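Data block below; observations after.
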Amino acid sequence: MEAFFKQLNRTALEGFKRFNKTDSVVHKKWKVPAGIWEVNAVRGRILEKATTCRIILNTKNPLTGEDTTFNVFQIKIYPANPKIPIMLCNIENRIAKDYIFAGFLDVVPVAARKEDLKFMQNKVRKITEKHTKNYEALRVKLKNMYWMESWQKALNGEIGIRLELGSDQAALVREAGQTWIESYFEVVEKRKREQFTEKHSALMNAVRARIMEYYLLKDLSVKVAQQLGIPLDALTMAHFAPTIKY
C-alpha cells in the first residue's frame with residue numbers, strides 16, 4: 001500500500017497543478033506522540049483548494065478499543081465551480097488483530113450534473129464487478145455518511161463505495177482509488193469553464209458551511225484527531241473549505 005499511496009499522491013498533485021496551471025504546492029508535516037499527519041495543498045482558479053493528506057497513527061480504535069495502526073491516504077477537493085462536485089477520498093489500511101481496508105470513495109454533488117455523477121458511478125461499478133464484489137452492497141453503506149439529524153438529507157452523493165474489505169481485496173482498493181481520481185479529473189476537464197449562477201454559488205457556500213458543521217460537531221475521526229493532539233491548523237489545511245460564507 002505504501003507504493004500505491006505514493007503513486008496516488010503523485011497522480012493527484014499532478015492533476016491539481018495541471019488544472020490550476022501552477023507548480024506551487026504547500027507542504028506541511030506535524031508529528032505527535034501517536035504518529036504523523038502530512039498535508040499537500042494546491043490552490044488556484046479551477047480547484048480553489050485541493051489537498052492530499054497522509055496519516056499514520058498508532059492508537060486505539062475508537063469503536064472497538066483495540067490497539068490499531070491507521071495507515072491513511074486522503075484527497076479532498078473544493079472546486080471553484082459549483083458544477084464540479086467536491087471530491088471525497090479516504091483510503092485506510094487498518095492493522096490490528098485483523099488486516100482490513102476501510103474508508104470511502106464519494107463526492108458531495110453541490111450543483112453537479114446527473115450525467116457526471118453517473119459517469120463516475122459507472123467507472124467504480126465496473127471496478128468492483130471486475131473484482132467480483134457487489135457494487136450495490138458497498139454503495140449502500142455510504143447512505144447518510146455526511147448527515148446530521150437536523151438536516152433533511154445527507155451531503156454526500158452516495159455514488160461511490162464504502163471500503164469495508166479484507167486484506168485479500170488490496171487490488172480492488174488500488175484500482176478503485178486510481179479510477180476514482182482519474183474519472184473525477186475527467187469531470188473537472190469537462191466542466192471547468194461551464195457557466196454558473198449566483199444561485200449555484202449560494203448553494204456551494206451553504207454546502208461548505210454544512211461540511212464545516214459536520215466536521216466540528218459530529219465527525220468521529222476529527223474528534224479522535226483532536227484527542228491525539230493533532231492541531232487545528234492541520235485539520236483545517238487537510239479538510240476545511242478554503243472560503244466559507246454564511
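Quick notes on this structure:
- Scan of segment 108-136 for residues that are farther than 21 Å from H239 by Cα, touching a strand residue (DSSP E or B) at 6+ places or on another chain (Cβ under 9 Å) and without any contact (Cβ under 8 Å) to a residue 60 or more places away in the chain, ordered by number: L117, V124, R125, I127, T128, K133, Y135
- All conditions but one from (1) without any contact (Cβ under 8 Å) to a residue 24 or more places away in the chain; (2) assigned to a loop (DSSP other than H, G, I, E, B) apply to E38; the one that does not is (2).
- Note on segment 36-58: among residues that are closer than 16 Å to R94 by Cβ and surrounded by fewer than 18 Cβ atoms within 10 Å (Cβ to Cβ), the one that is modelled with the lowest pLDDT is N58.
- Output for segment 207-223, where each listed residue is within 20 Å of A41 (Cβ to Cβ), part of a helix (DSSP H, G or I) and of a type in the set (D, E, K, R): R208
- Tallying residues that are of a type outside the set (D, E), surrounded by fewer than 17 Cβ atoms within 10 Å (Cβ to Cβ) and outside any helix (DSSP H, G or I) within segment 162-179 yields 1.
- Pair list, Cβ < 6 Å and 6+ apart or interchain, from segment 224-246 residues that are closer than 21 Å to R45 by Cβ to residues that are among the hydroxyl-bearing types (S, T, Y) and at pLDDT 95 or above: A241/Y78; P242/Y78
- Residue count for segment 180-206, restricted to those that are under 18 Å from L117 (Cβ atoms) and either in a loop (DSSP other than H, G, I, E, B) or open to solvent by less than 30 Å² (accessible area, probe 1.4 Å) (or both): 12.
- Per-region count, segment 116-154, residues open to solvent by less than 60 Å² (accessible area, probe 1.4 Å), small (G, A, S) and within 20 Å of A206 (Cα to Cα): 1
- Only one of L220, L232 that is surrounded by fewer than 17 Cβ atoms within 10 Å (Cβ to Cβ) and in contact with a Pro (Cβ under 8 Å, 6 or more places away or on another chain): L220
The values are calculated or read from the model by the stated rules, or taken from the named source; none is laboratory data. Predicted model, so just to flag it, every value in this text is computed and none were measured. All Cβ positions, even for glycine, are placed from backbone atoms using ideal geometry, and neighbour counts span all protein chains on display. Each accessible area value is taken on the protein alone, full model and side chains, heavy atoms only, with ligands, DNA and RNA left out. Shrake-Rupley method; radii C 1.70, N 1.55, O 1.52, S 1.80 Å.
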